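Asker: I'd like to ask some things about the structure below.
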Amino acid sequence: MSHQILTLAHANGCGETGKPPKATILVVEDHPVCQKLAQSQLNLLGFEADVVSDGQEALDALALKPYPIVLMDCQMPRIDGYQATAEIRRREVGSAHRTIVIAMTAHTLSEARKKLQVAGMDDYIGKPVDLDVLAATLKRWTQASPSEAKETAARESDKRPREDRQA
């Protein structure tokens, strides 16, 4: 897994090589404006993006292609981000592959963060998504081992505001 993440770091330009992107991130977002924004931000950062509108579409996409990172909205129709992530984790049991799931949410209270962790999400980004925060989060998950990235995410989480923000 560490090798996969380090390879991804070099492939998307976050590493020292600066090579063109090879990794594609799955964006799971039901709002068309947020879809376009996320895709544009990822493109600016040197990533490619596939976009789906809900958790069921995310599960279908992941069954066809192993995305290294998923940016997951939490509140969506049909299957929400929490349910989709729990199903992703259920499907990964016994597998060597672990998809990095980063929540995109307007809710930043500690209770909401606990719900993200229980669902199996690795990290979160507050909405509206700031390009610099997105860049730092993706860099953290593409340049470090999963355990190092989780530790850094936990430290960063403690620095984030505790009140809810509305998107």
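Asker: As an exercise, identify the trypsin sites (Lys or Arg not before Pro) in region 55-110 lying in DSSP coil whose Cβ has no more than 12 other Cβ atoms within 10 Å.
Answerer: Listed in order of number, the matching sites are Arg78.
Asker: Sequence-distant or interchain residues sharing an amide H contact under 5 Å with Val27, placed H: which?
Answerer: Asp50, Val51, Val52, Leu71
Asker: Using 0.36 nm per residue, how much length does the chain from Ala63 to Val118 gain when fully extended, once their Cα-Cα distance is taken away?
Answerer: Result: 17.6 nm gained on full extension.
Asker: Could you go through region 93-98 in sequence order and give the Karplus-derived ³J(HN,Hα) for each residue, using 6.51 cos²θ - 1.76 cosθ + 1.60 with θ = phi - 60°, rounded to whole Hz, and x for Gly and Pro?
Answerer: Result, ordered by residue: 4, x, 9, 7, 8, 10 Hz.
Asker: For the pairs Lys36/Lys127; Lys65/Lys139; Lys36/Lys65; Lys36/Lys114, note any where the Cα-Cα span goes beyond 24 Å.
Answerer: Checking Cα-Cα distances, Lys36/Lys114 exceed 24 Å.
Computed from the coordinates by the stated procedures, all read-outs in this text should not be read as laboratory data. Computed from a prediction, not measured in an experiment: that's the story for all the values here. Cβ sites come from the backbone with ideal geometry, for glycine too, and all protein chains shown count toward neighbours.
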